[in-house]
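Laboratory data are not the source of any read-out in this text; all were calculated from the coordinates shown. Just so you know, these numbers come straight off a predicted model, no measurement behind them. Note that we place each Cβ from the backbone using ideal geometry, even for glycine, and neighbour counts take in every protein chain shown.
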Amino acid sequence: SYEAEAWSSRLDYCTSECFCIIRMDEIFDLVTDYPDSSPAVVELRDVLERTRMHGQLGKALRASLTRRLIHPGANTSQIIDVYINTIKVMREIDPSDRLLE
């Protein structure tokens, strides 16, 4: 029935949205663990296609990089490695590179 289909669609969206929010909290770890985290990155890409939360992901990543990487004690080579992985992860999530702009 139409109501069941609408309910199923709404439930799918809400589940995807919750998944996105959880993964956004873990985005720094997904970046630093890449390519080992590639399956999780692909899952995030798939739910982002449904939820269109790309902007929120960009903000979460920016905040996470600032909080966890850009500080006086950070090793320069570590910063470079994380930035390289950031580009790789963002390209896997969004091959058009809109997120990198």
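If each of Asp33 and Lys88 carries a label point 7 Å out from its Cα toward its Cβ, how far apart are those two points in nm?
1.5
Show me the trypsin sites (Lys or Arg not before Pro) within region 43-91 that DSSP assigns to loop and that have at most 11 other Cβ atoms within 10 Å of their Cβ.
Counting only loop positions with at most 11 other Cβ atoms within 10 Å, the trypsin sites (Lys or Arg not before Pro) in region 43-91 are Arg52.
Can you tell me the dipole magnitude for the chain around its Cα centre, using point charges on the Cβ only (Lys, Arg +1; Asp, Glu -1), in Debye to the nearest 20?
440
Rounded if a/c is under 1.5, else prolate if a/b is larger than b/c, else oblate: which is the chain, with a ≥ b ≥ c the root eigenvalues of its Cα gyration tensor?
Values: a/c = 2.75, a/b = 2.43, b/c = 1.13.
Since a/c reaches 1.5 and a/b is larger than b/c, the shape of the chain is classed as prolate.
Out of Ile93, Gly73, Ala4, whose Cα points farthest toward the positive end of the dipole of the chain (charges: +1 Lys, Arg; -1 Asp, Glu; placed on Cβ)?
It is Gly73.
Among Cys18, Leu30, Gln56, flag the residue with its Cα farthest along the positive direction of the charge dipole of region 6-101, charges on Cβ as +1 for Lys/Arg and -1 for Asp/Glu.
Looking along the dipole axis, the top candidate is Gln56.
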